[in-house]
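Q: After the structure tokens below, expect a handful of questions from me.
Derivation of every value follows stated rules applied to the coordinates shown; laboratory data play no part. These numbers were taken from a predicted model, which means no experiment stands behind them. For neighbour counting, all protein chains shown are included, and Cβ atoms are generated from backbone atoms with ideal geometry for every residue, glycine included.
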Amino acid sequence: MKKQLHSRRIALVAVTASALLLTACATETVPAQTAGAAASATDPAPRVSLTYDGGLLVLDGTTLELEADIALPGFNRINAAGDGRHVLVSTTDGFQVLDAGTWTADGASRTAEPELTDLAFDAPTPGHVVRHGDKTILFADGTGDTTIFDTDALLTAADDGLPETEVVPAPAAHHGVSIELEDGTLLTTIGTSEGRSGVRVLDASRTEVARNEECPSVHGEGAAKNEVAVFGCSDGVLVYDDGEFTKIQAPDAYGRTGNQYVTETSSIAVGDYNSDPDREGVLLEQLTLVDTVAKTMTIVTLPGGAGYTWRDVARGPSDEAIILGSDGALHVLDPETGEFGASYPVIGAWEGPAEWQDAHPALVVLGGIAYVTEPATDSLFAVDVATGEVVASAELPATPNEIAVVTG
């Protein structure tokens with residue numbers, strides 16, 4: 001298979017402690033089943049996982065060198081599990097565990113050959129994956145069940161199998177989402193196969209203690225600073241703060257927010273926004289800024305007439321929002337002021353997909369590095385978010401679709 005690597009800088013790029021250093025670790029790759037003898041180095045070694053039609057790619061997060069090409073038929077979706085090592089692959093019957101082959105143990109970074117394991121969390125029609133606190137929360141659309149496990153317990157899956165889980169049933173199957181707060185409170189969506197209406201609150205014993213059904217078509221969640229949870233609705237957002245719900249109405253009669261982009265250190269939740277119920281395609285031009293303290297919503301418009309999809313928004317190391325526009329540039333937004341700052345050209349201009357499943361550019365930010373896909377050229381780029389410099393790029397052996405990054 002053809003693959004070209006292009007390195008554009010040798011000097012180190014300073015990033016946050018949880019992210020990567022832009023020099024390759026001189027470590028030997030060994031099969032995952034001999035992980036005890038895996039190569040090690042001092043610094044974490046992130047890896048990038050990508051889906052394509054019929055398989056998965058795993059790349060070194062620093063050099064973008066291809067580490068594995070794993071065949072897996074069909075349209076596949078992926079999410080980082082949250083333990084720094086594993087990726088959850090949505091298959092027909094559940095969340096299958098991909099070992100990206102990088103982790104940290106005893107103060108050393110270790111690498112091994114990536115492997116799609118036989119381990120899978122049961123989840124008919126797997127949906128959302130949420131990482132919050134020390135928990136990973138999985139939602140099965142086919143049953144409405146929520147599966148919860150200690151995130152770090154997955155690290156030893158190769159030796160111990162799947163971690164112990166808690167399964168919380170729902171009254172009815174629906175396309176939903178759940179999040180467990182650090183005190184054990186579970187927030188989970190209300191819905192059926194016909195529609196969704198709001199969120200209910202279960203205490204640590206899983207007794208329902210509150211609900212709010214003022215959130216039509218509820219979709220997506222995020223926990224901002226101080227664990228203020230925000231859920232998207234077709235007419236605004238629903239906020240859960242210290243035991244109380246607040247509905248924030250959108251400025252338009254139809255004003256749908258479907259995805260939240262949050263950090264634990266910012267009280268502003270960034271969301272996507274659609275004010276046209278008859279819109280064709282999935283390309284959007286506006287975003288919401290929800291002040292979770294003041295309980296207000298502000299709408300901002302991407303500059304230059306550019307659009308984006310839900311795959312093209314992320315938060316940076318200083319809580320900034322970074323949006324990959326259809327003009328091919330990364331646009332930096334200050335959520336506190338609502339002002340756009342720098343714009344960095346990265347890829348060519350692109351059009352929104354006809355169907356949401358279709359491959360189109362995607363963005364993930366880890367520390368100070370933005371990973372950007374360009375399906376039109378089968379390429380992946382690593383970009384320094386502070387300067388916009390492309391520090392590494394790779395031509396891929398297949399057209400990338402979804403992306404997930406683990407820290408190592």
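Q: If the viscosity is 0.890 mPa s and the temperature 25 °C, what Stokes-Einstein diffusion coefficient in µm²/s follows for the chain when Rh is the Kirkwood radius over Cα pairs?
A: 114
Q: Okay, moving on. Starting from the amide H of Asp53, placed 1.01 Å from N in the peptide plane, find each other amide H under 5 Å away whose residue is 5 or more places distant or on another chain.
A: Here Thr399 satisfy the definition.
Q: What relative contact order, as a whole-number percentage, does the chain give when Cα pairs under 8 Å and 6 or more residues apart are counted?
A: 14
Q: In addition: Short version: ³J(HN,Hα) in whole Hz for each residue of the stretch 239-254, in order, from phi by Karplus 6.51 cos²θ - 1.76 cosθ + 1.60 (θ = phi - 60°), x for Gly and Pro, what are they?
A: 10, 10, 9, 6, x, 10, 8, 9, 8, 9, 6, 5, x, 10, 4, 10
Q: Check which residues have an amide H placed less than 5 Å from Asp235's amide H, if you skip close sequence neighbours.
A: Close amide H contacts, sequence-distant or interchain: Gly255, Thr257.
Q: Report the local net charge at Gly198: Lys and Arg +1, Asp and Glu -1, summed over other residues whose C-beta lies under 10 Å from its C-beta.
A: Net charge around Gly198: +2.
Q: What nm distance separates the two modelled labels at Ala376 and Asp152, each placed 7 Å from Cα along Cα→Cβ?
A: Computed distance between label sites Ala376 and Asp152 equals 4.5 nm.
Q: Quick one: Kirkwood hydrodynamic radius for the stretch 258-304, alpha-carbon pairs, angstrom, one decimal?
A: Every distinct Cα pair counted, the radius reaches 11.7 Å.
Q: Next question. Quick one: net charge of Leu284's neighbours, Cβ under 10 Å, K/R +1, D/E -1?
A: -2
Q: Could you work out the relative contact order of the stretch 214-294, using alpha carbon pairs under 8 angstrom and six or more residues apart, expressed as a whole percent?
A: Over the stretch 214-294, the number comes to 25 percent.
Q: Let me ask something else. Hey, rough spin-label estimate for Asp93 and Ala294, points 7 angstrom out along Cα→Cβ, what's it come to in nanometres?
A: Here the modelled spin labels are 5.2 nm apart.
Q: Would you list Arg311, Arg279 from fewest to most Cβ contacts within 10 Å?
A: So the ranking, lowest neighbour count to highest, is Arg279, Arg311.
Q: Can you compute the modelled spin-label distance between Thr337 and Arg211, with each label point 7 Å from Cα toward Cβ, in nm?
A: In this crude spin-label approximation the distance works out to 4.5 nm.
Q: Using a/c under 1.5 as the rounded threshold, could you call the stretch 210-355 rounded, prolate or oblate? The axes a ≥ b ≥ c are square roots of the C-alpha gyration tensor eigenvalues, and prolate needs a/b larger than b/c, oblate otherwise.
A: It is oblate, given that a/c is not under 1.5 and a/b is not larger than b/c.
Q: With a sphere of radius 14 Å drawn around the Cβ of Pro124, what net charge do the other residues whose Cβ falls strictly inside it have (Lys, Arg +1; Asp, Glu -1)?
A: -4
Q: Evaluate the stretch 189-228: find the radius of gyration of its Cα atoms, find its Kirkwood radius, and give the ratio Rg to Rh.
A: Across the stretch 189-228, the Cα-based Rg/Rh ratio is 1.02.
Q: Computed FRET efficiency, Cβ-Cβ of Ile70 and Ser275, R0 41 Å: what is it to the nearest 0.05?
A: Calculated transfer efficiency: 0.50.
Q: Whole-Hz Karplus ³J(HN,Hα) for the stretch 91-98, in order, using 6.51 cos²θ - 1.76 cosθ + 1.60 and θ = phi - 60°, x for Gly and Pro?
A: 10, 4, 10, x, 9, 8, 8, 9
Q: Given the chain, what count of lysine pairs have C-alpha atoms under 24 Å apart, with each pair 8 or more places apart or on different chains?
A: Number of lysine pairs found: 4.
Q: Taking 0.36 nm per residue of separation and subtracting the Cα-Cα distance, what length does fully extending Asp122 through Lys247 add?
A: This chain segment gains 41.6 nm when fully extended.
Q: Report, by chain and number, residues whose modeled amide H sits under 5 Å from the one on Gly328, excluding near sequence neighbours (fewer than 5 apart, same chain).
A: HN-HN under 5 Å from Gly328: Trp350.
Q: Now a separate question. Enumerate the calculated ³J(HN,Hα) couplings along the stretch 150-165 in order (Karplus 6.51 cos²θ - 1.76 cosθ + 1.60, θ = phi - 60°), each rounded to whole Hz, writing x wherever the residue is Gly or Pro.
A: For the stretch 150-165, the Karplus-derived couplings read 5, 4, 5, 5, 6, 4, 9, 4, 4, 9, 9, x, 5, x, 5, 10 Hz, x marking Gly and Pro.
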